[in-house]
Amino acid sequence: MVEDTLLILWFKRGRPEALRQIYDKYKVYLLRLAVVLTGNVHTAEDVVHDVFVGFAQSADRIKLAGSLKSYLVTSVINRVRNRRRDGNRHGETNLDGADSHQSSDQSPLQWAILDEQLTLLSRALQGLPYEQREVISLHMEMDMPFRRIATLQSASVNTVKGRYRYGIEKLRSLLNGKVEHEIRR
């Protein structure tokens, strides 16, 4: 928290290395959240890029009441919601079948297994209503408490807990059916 406060101070004073340090510190975290929420790596990269461009342009206007991490997470969530709303309005095309970049740290067999598992999980997550997917990803991936998620979603804590519970149940149902299907093949 102290480090973030210092980085914000440097950022507001026009030191470009502060923005780079903020980006380096949070980019993977925010990208992971955006991938879970959008279901698409390329869209997630665009979302995180847009968040940091907006952040960079707002140096003179930024007034953080809470943590920098929460501010950036909220920005990603809002950007994803806006893209979903705009995409629904304009009939946006999803690029789920597009090629993805793979690192050479793993063997081809390990990548194939990991890719298949991630594909199953991604499809299962995309089968959930957006609000449930958002609650699950914020709680499990971002370690965000239900009270904070309730604030972000403008819902009661009980509603958020219900979305989480129903989402997890549906994920289990979807994944158990997929796993059984994959074993029989």
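Nothing in this text is a laboratory measurement; each read-out follows from the coordinates by a stated rule. Just so it is clear, the model here is predicted, and its values are computed rather than measured. Heads up, the Cβs are rebuilt from the backbone with ideal geometry, glycines too, and the neighbour counts pull from every protein chain shown.
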Legend entry - Under 26 Å from the Cα of Lys69 - lysines, other chains or at least 8 residues apart: Lys12, Lys25, Lys27, Lys161
Legend entry - FRET efficiency for Val28 and Glu169, using Cβ-Cβ distance with R0 set to 25 Å, rounded to 0.05: 0.25
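Tell me the volume per residue, in Å³, of the convex hull enclosing the alpha carbons of segment 35-90.
Expressed per residue, the convex hull around the Cα atoms of segment 35-90 is 88 Å³.
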Inset, instruction - Please give, to one decimal in nm, the separation of the simple spin-label points placed at Glu141 and Arg84, each 7 Å out from Cα toward the Cβ. - result: 1.2
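So between Arg123 and Glu17, what do we pick up on full extension, going 0.36 nm a residue minus the alpha carbon distance?
Length gained, Arg123 through Glu17: 34.3 nm.
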Legend entry - Phi-based couplings in Hz for segment 42-48 (Karplus 6.51, -1.76, 1.60; Gly and Pro marked x): 5, 5, 4, 4, 4, 4, 5
Inset, instruction - Could you check the simple spin-label distance between Ser58 and Thr5, using points 7 Å along Cα→Cβ, in nm with one decimal? - result: 2.1
